[in-house]
Amino acid sequence: MRQIVDKIGTILSLFSFDRTELGVTELSAELSWPKSTVSEILASLAGQGFVERTPRGRFRLGWRFFELNQMLLEATPMVREGRRAMQELVERHGESSHLMVLERHQAVIVEKVQASLATQVLMSRVGLRQPAHCSACGKMLLALRPWEEVRRVFDNVELKPFTPATITDLGALERELASIRGADIAFDREEIVPGLTCVAAPIRNDEGKAIAAMSVSIPTYRFADGEAGYVEMIRAAALRVSRKLGFVDRAA
């Protein structure tokens with residue numbers, strides 16, 4: 001049974017934003033599995049709505065995943081409370097906001113509230129993975145992990161540069177995370193997108209563990225004139241969400 005589940009998981013994990021359709025022959029060659037095995041698994045998944053066959057005979061993810069995703073988002077208190085706080089941020093301040101969780105060396109967007117057309121962040125979407133070493137949310141969550149754990153995660157991961165401001169050295173990353181840990185606030189100062197600055201704060205559960213991070217994205221020319229205000233804004237919003245999740249701020 002476990003082998004079957006592993007095979008299903010392996011096939012589903014190959015779907016991505018860059019590979020939205022996959023074929024039986026393609027999967028068989030890539031996985032070194034018999035075509036009959038791949039075909040049987042896909043047929044079973046299609047029967048339950050998890051994948052669907054395209055007119056070209058290939059397969060893409062089915063709407064059942066959309067339904068389950070909506071159920072997951074609505075059933076997760078962190079996302080519900082985070083969305084409310086993010087909507088308030090956007091309505092009051094007009095800046096886009098993201099809620100992200102950490103998966104090894106990547107930060108995954110689990111919710112996004114878009115600002116006005118004039119300030120929208122087009123390069124992000126729910127489900128997108130950003131490199132944790134240069135995103136505000138990613139660095140915030142990395143900073144709250146033991147450095148040895150972080151170092152092991154990045155042992156075989158390139159610190160890819162996106163702009164001249166991107167950290168590409170493990171030593172520099174260690175120093176940056178130590179600074180973030182002390183301040184309990186993290187920045188992306190044009191490290192992924194030129195002209196865009198992000199600031200993030202942690203969301204903690206009732207045990208005090210950081211389970212996510214919330215950020216706002218601001219054009220750098222505006223951020224430079226109001227950094228302290230943006231920091232306080234996101235810090236307060238993340239703390240409100242944390243308290244909703246049962247976190248007790250001992251320092252308050």
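The values are calculated or read from the model by the stated rules, or taken from the named source; none is laboratory data. Small disclaimer: the values here were computed from a predicted structure and weren't measured. For neighbour counting, all protein chains shown are included, and Cβ atoms are generated from backbone atoms with ideal geometry for every residue, glycine included. The protein model used for the area step is the full one, side chains on, heavy atoms only, and it has no ligands, DNA or RNA in it. Shrake-Rupley method; radii C 1.70, N 1.55, O 1.52, S 1.80 Å.
Looking only at segment 222-244, residues that are at pLDDT 90 or above, open to solvent by 30 Å² or more (accessible area, probe 1.4 Å) and of a type outside the set (D, E, K, R) come to 5 in all.
Residues in segment 146-184 that are free of Cβ contacts under 8 Å to residues at least 24 places away in the same chain and not in a helix (DSSP H, G or I): PRO146, ASP155, ASN156, GLU158, PRO161, PRO164, THR168, ASP169. Filtering segment 150-170 for residues that are in contact with a Lys or Arg (Cβ under 9 Å, 6 or more places away or on another chain), crowded, with 21+ Cβ neighbours inside 10 Å and not charged (D, E, K, R) leaves an empty set. When segment 5-43 is filtered for residues that are touching a residue at least 12 places away in the same chain (Cβ under 8 Å), assigned to a helix (DSSP H, G or I) and among the polar types (S, T, N, Q), the ones remaining, listed by number, are THR10, THR37, SER39. For segment 204-251, filtered to residues that are among the aliphatic types (A, V, I, L, M), touching a Leu at 6+ places or on another chain (Cβ under 7 Å) and not in a helix (DSSP H, G or I), the residue that is nearest to GLU190 (Cα to Cα) is VAL216. For segment 10-26, filtered to residues that are over 20 Å from the mean Cα position of the chain (by Cα) and open to solvent by 40 Å² or more (accessible area, probe 1.4 Å), the residue that is farthest from VAL108 (Cα to Cα) is THR25. Within segment 122-134, the set of residues being open to solvent by less than 80 Å² (accessible area, probe 1.4 Å) and either closer than 18 Å to ALA178 by Cβ or not in a loop (DSSP other than H, G, I, E, B) (or both) comprises GLN130, PRO131, ALA132, HIS133, CYS134. Does MET123 satisfy the condition of being at pLDDT 90 or above and of a type in the set (A, V, I, L, M, F, W, C)? So MET123 does not fit the description; no.
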